[in-house]
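One structure is given here, and the rest of the page talks about it.
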C-alpha cells in the first residue's frame, strides 16, 4: 500500500545523527619542527574539538587531556583556536574561552584571567 505525505513531513528511517555518526572533521593543520598538528571535530564526543599530532616516528596522539575542547567563539563560529610553535602549544578552551599554554614539559597553565561573566572575553587567530 502506498502512503502519501506532504513534502518534508514523511518519516525517514535515517536520522540526522545517522548521517554524521563516525564522521571526523579535520581542520587547522600546523607544522612545527617535524610534528604535524591538526584539530579533529568529533560528533561522537558531543562535538568536542581535539588537538591531535603526528610525531616523526609516525605516532598519532591527542595532545591535551581528554576533557579539553580546543575551540574559540571569537568570531561566533570559531577560528584560530590554537598555535603550535617551538614545541609549545597555545590554545583557547571552549568551556571558558580562556587561553592556555602547554609547555614542552607537558604542564598546562592559564594565560588569561578568569572572567566573572562566562565567555565574556574571546581569543583567537594567534600568530607567531
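The values are calculated or read from the model by the stated rules, or taken from the named source; none is laboratory data. Here the structure is a predicted model, which means the values were calculated and not measured. We place every Cβ from the backbone using ideal geometry, glycine too, and count neighbours over all the protein chains shown.
The figures follow:
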{"quantity": "Pair list, Cβ under 7 Å, 6 or more apart: the range 12-40 residue in contact (Cβ under 8 Å) with a residue 12 or more places away in the chain and on the phi > 0 side of the Ramachandran plot, other residue exposed (fewer than 10 other Cβ atoms within 10 Å of the Cβ) and part of a loop (DSSP other than H, G, I, E, B)", "calculated": "34/56"}
{"quantity": "Residue among 92, 121 that alone is out of contact with any strand residue (DSSP E or B) (no Cβ under 8 Å at 6 or more places or on another chain) and surrounded by 13 or more Cβ atoms within 10 Å (Cβ to Cβ)", "calculated": "121"}
{"quantity": "Candidate set from the range 1-34 (those that are within 23 Å of residue 125 (Cβ to Cβ) and in contact with a strand residue (DSSP E or B) (Cβ under 7 Å, 6 or more places away or on another chain)); member that is modelled with the lowest pLDDT", "calculated": "25"}
{"quantity": "Breaking point among (1) without any contact (Cβ under 8 Å) to a residue 40 or more places away in the chain; (2) not in a loop (DSSP other than H, G, I, E, B), for residue 49", "calculated": "(1)"}
{"quantity": "Test: residue in the range 110-127 that is more than 15 Å from the chain's Cα centre (by Cα), outside any loop (DSSP other than H, G, I, E, B) and in contact (Cβ under 8 Å) with a residue 24 or more places away in the chain", "calculated": "no"}
{"quantity": "The range 69-91, subset part of a loop (DSSP other than H, G, I, E, B) and farther than 16 Å from residue 123 by Cα, residue farthest from the chain's Cα centre (by Cα)", "calculated": "86"}
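Table: residues versus (1) over 29 Å from residue 17 (Cβ atoms); (2) surrounded by 11 or more Cβ atoms within 10 Å (Cβ to Cβ); (3) modelled with pLDDT of 90 or more; (4) touching a strand residue (DSSP E or B) at 6+ places or on another chain (Cβ under 6 Å).
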{"residue": "36", "(1), (2), (3), (4)": "yes, yes, yes, yes"}
{"residue": "41", "(1), (2), (3), (4)": "no, yes, yes, yes"}
{"residue": "54", "(1), (2), (3), (4)": "yes, yes, yes, yes"}
{"residue": "64", "(1), (2), (3), (4)": "no, yes, yes, yes"}
{"residue": "85", "(1), (2), (3), (4)": "yes, yes, yes, yes"}
{"residue": "100", "(1), (2), (3), (4)": "yes, yes, yes, yes"}
{"residue": "109", "(1), (2), (3), (4)": "yes, no, yes, yes"}
